[in-house]
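Okay, so here's the structure we're looking at.
Readers should treat all values here as calculations from the given coordinates under stated rules, not as data from a laboratory. All values reported here derive from a predicted model rather than from experimental measurement. Please note: Cβ atoms are built from the backbone with ideal geometry, for glycine as well, and neighbour counts cover all protein chains shown.
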Amino acid sequence: MPVCNKVPDAFVTTASHRPAIWLPAFMLLQSLDATLLRDDGADEREPAPVVRTVHEAINLITDVPVRLLGDPDISTFFGEIHVSWRNGPKQIVLMFFPNRTPLVHHYVRVPNAASEHDIEEANADSLVAWLTWLRE
C-alpha cells in the first residue's frame, strides 16, 4: 500500500477558511476588533485606527500559530495599531498603519550598551520567525 506524505491541496485551508480559532487568539482578535474601533472621545486630536487597518492586523495575526501569540499588549497611536510582545530583554512590536505596509520592530536591550534592533516589513512568516526568536 503506498504511503502519502503530501496533503492534497483540496485539504489545505487558507486564511479565509480557518477551521477553528483557539480562545486566546479569539480574545486577541476581539480586543483588536472592539477596543480599537471604539471612539470614546478620549482625545479628539488623535484619530482611531480605521476599519481597514484593524482588518489588516486581524488577517496577519490569524496567520500565526496560536501557540506563538501569547498575551501581547495592544495600543494605538494616531491611527496606528501596535501589538507588542516582551520576554526579558527581547521585544517585538508589530505595527500597522493606515496607508502603509505593516512593520515588525525587534530588539534586544543590552545592559550598559546600545540596544540591538532592526525594522522590517511584516508578514506571517517573518512574525512567526520573530515570535519563535522571542521565546528562545
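Peptide packing: for 69-78, 89-98, the average count of neighbouring Cβ atoms within 10 Å per residue gives the ranking 89-98, 69-78, highest mean first. Note on region 76-136: Kirkwood hydrodynamic radius from all Cα pairs is 12.1 Å, rounded to one decimal. Between ARG86 and SER126, the contour length at 0.36 nm per residue exceeds the Cα-Cα span by 12.7 nm.
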